[in-house]
Amino acid sequence: MEIAARIAEGFIGMFQRGGTQFVGLVTGIIPLLIVLMTAVNALVRLIGPERIDKVAMISSRNVLLRYLVLPFLAVFFLTNPMAYTMGRFLPEKQKPAFYDAAVSFVHPILGLFPHANPGEIFVWAGIAAGITKLGLGLGDLAIRYFLVGLLVIFIRGLVTERITAIMWARRSAPEGQGEEATSATEAAPAVETGGAAFASGEEA
Amino acid sequence: MQAVARGLEAIGRAVGNVVGILYQAGRDTIDQVIRNILPFMAFISMIIGIILYTGIGNIIAHTLSPLASNIFGLLLMSVICAIPILSPLLGPGAVIAQVVGTLLGVEIGLGHIPPQYALPALFAINPQVGCDFIPVGLALGEAEPETTEIGVPAVLMSRLITGPLAVVIAYLASFGMYAGH
């Protein structure tokens with residue numbers, strides 16, 4: 001009997017520990033999050049998506065604007081996942097690179113503007129919780145995450161644009177130029193269908 | 001008299017409009033908290049509770065912590081997450097990144113991982129971001145089917161380069177952070 005009681009206590013204890021954790025998260029993160037998200041949501045609504053569209057059209061012309069300013073504006077104002085609709089202002093060959101840049105920014109922005117992707121906040125908040133527990137401020141980490149994030153999305157934009165251009169050239173190269181060229185063009189779609197199948201499968 | 005009335009009406013309408021927007025912003029926020037944030041907190045709390053209580057935490061402390069407290073371990077982590085076949089599988093909902101991030105956060109809080117590694121770790125757990133979503137993301141950007149066919153492998157390949165690179169940049173950028181600790 002005593003053993004059974006001890007097992008029961010251990011079983012409940014495990015969830016009590018989880019409960020303490022939950023209360024810590026709710027009281028530690030949610031109050032600030034709610035007020036901050038309300039403020040930024042209001043700002044975004046007051047500015048309106050039409051004005052962002054205009055900025056996006058101008059931003060498409062320059063590399064620095066395209067993979068640095070536009071992804072930031074898109075993620076800040078339209079949030080995940082609507083941010084990717086900004087890609088419609090870009091030429092086809094730059095769309096994958098823009099997507100890569102924009103999607104890579106939905107987490108670095110969380111430290112400063114959690115309204116942009118609240119459903120995935122624990123990518124940031126999980127690690128940040130450890131820093132808080134040590135009694136250190138989050139500002140330093142948040143701002144560095146944000147700035148490094150900007151640099152990384154810019155590099156991703158450039159690299160992906162380059163890779164897209166190479167694959168595009170390979171695909172549209174005229175057929176029958178020797179076996180190597182043909183096999184290369186055939187290899188590319190094979191890889192792609194695998195990726196697409198995984199991706200769409202996961203989304204569904 | 002009529003001008004005054006018209007002016008008052010305009011003001012009233014403008015104020016009503018702004019208040020409506022603010023109220024809607026609050027409603028959106030609470031919606032998000034209830035629908036997305038609280039459920040994830042419940043899920044994370046349960047996992048942490050089990051891990052801390054059962055001693056799995058010690059195993060993680062001995063395997064994950066050494067990996068996450070040096071740059072080579074973090075690089076290895078980012079390369080694994082960026083492998084083109086794995087990255088779309090690890091991507092959905094950023095669940096893997098969130099769970100691993102929370103585990104690392106616990107270890108940082110316990111002092112097993114130095115706090116300055118928080119920055120490179122944030123990038124090491126996440127080179128797969130959005131890899132599951134490329135066709136949908138491109139479709140939202142009104143891309144042609146041909147663009148999607150090329151774009152999916154292009155982004156996946158690019159991550160193999162930029163994933164580890166991001167960790168290196170973050171590592172360099174973390175110098176001097178929480179130095180006194």
In sequence order, calculated HN-Hα J values of segment B:114-123 (Karplus, 6.51, -1.76, 1.60; Hz; x Gly/Pro): x, x, 5, 7, 4, 5, x, 5, 4, 8
Stretched out fully, how many nm does the piece from residue B:31 to residue B:1 gain, at 0.36 nm a residue minus the Cα gap? 6.4 nm
Does any residue of segment A:114-129 lose at least 30 Å² of accessible area with all protein chains in place compared with its chain alone, and if so which ones (probe 1.4 Å)? A:118, A:119, A:120, A:122, A:123, A:126, A:127
Estimated FRET transfer efficiency when R0 is 51 angstrom, pair residue B:14-residue B:168 (beta carbons, to 0.05): 0.50
Of every Cα-Cα pair in the protein assembly as shown, the percentage lying beyond 31 Å is 42 percent
Using the Karplus equation 6.51 cos²θ - 1.76 cosθ + 1.60 (θ = phi - 60°), what ³J(HN,Hα) coupling, rounded to whole Hz, does each residue of segment B:126-139 give in order, writing x for Gly and Pro? 9, x, 8, 3, x, 5, 7, 10, 4, x, 5, x, 5, 5
Mind jotting down the distance between the C-alpha centroids of segment A:84-152 and segment B:1-76, whole Å? 13 Å
I need the semi-axes of the equivalent ellipsoid of segment A:10-169: take the C-alpha gyration tensor, multiply each eigenvalue by 5, square-root it, list largest first in whole angstrom. 35, 18, 14
Low-density loop cleavage sites - GluC sites (Glu not before Pro) in segment B:91-171, where at most 15 other Cβ are within 10 Å (DSSP): B:142
Calculate what fraction, in whole %, of the accessible area of the protein assembly as shown sits on carbon and sulfur atoms when a 1.4 Å probe is rolled over the protein chains. 68 percent
Heavy-atom accessible area per residue of chain B, all protein chains kept, 1.4 Å probe, expressed in Å², is 44 Å²
I'd like the interface area for chains B and A: accessible area of each alone minus the complex, both sides summed, 1.4 Å probe, protein heavy atoms only. What is it in Å² to the nearest 100? 7300 Å²
What ranking do A:77-85, B:62-70, A:143-151 get when scored by the average of other Cβ atoms within 10 Å per residue, highest first? A:77-85, A:143-151, B:62-70
Could you work out the helix-only [θ] at 222 nm for chain B, with each DSSP H run of four or more residues adding -39,500 (n - 2.57) and the total divided by the number of residues, to the nearest 500 deg cm²/dmol? -24500 deg cm²/dmol
What FRET efficiency, computed as 1/(1 + (r/R0)^6) with R0 = 56 Å and r the Cβ-Cβ distance, is obtained for residue B:110 and residue A:65, rounded to the nearest 0.05? 0.80
Hull surface divided by four, with the convex hull built on the Cα atoms of chain B: how many nm²? 17.0 nm²
Within-15-Å neighbourhood charge of residue B:176 [Cβ basis; K, R +1; D, E -1]: 0
How much length would be gained if the chain were fully extended between residue B:142 and residue B:71, taking 0.36 nm per residue of separation minus their Cα-Cα distance, in nm to one decimal? 21.6 nm
Distance (nanometres) between label positions extended 7 Å along Cα→Cβ at residue B:63 and residue A:93: 4.7 nm
Out of all Cα-Cα pairs in segment B:1-54, roughly what percent, to the nearest whole number, are more than 15 Å apart? 69 percent
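The values are calculated or read from the model by the stated rules, or taken from the named source; none is laboratory data. In this text the structure is predicted, and so the values were computed from the model without any measurement. Glycine also receives a Cβ, built like all others from the backbone with ideal geometry; neighbour counts cover every protein chain displayed. When the accessible area is computed, the model is the full protein with side chains, heavy atoms only, and any ligands, DNA or RNA have been set aside. Shrake-Rupley method; radii C 1.70, N 1.55, O 1.52, S 1.80 Å.
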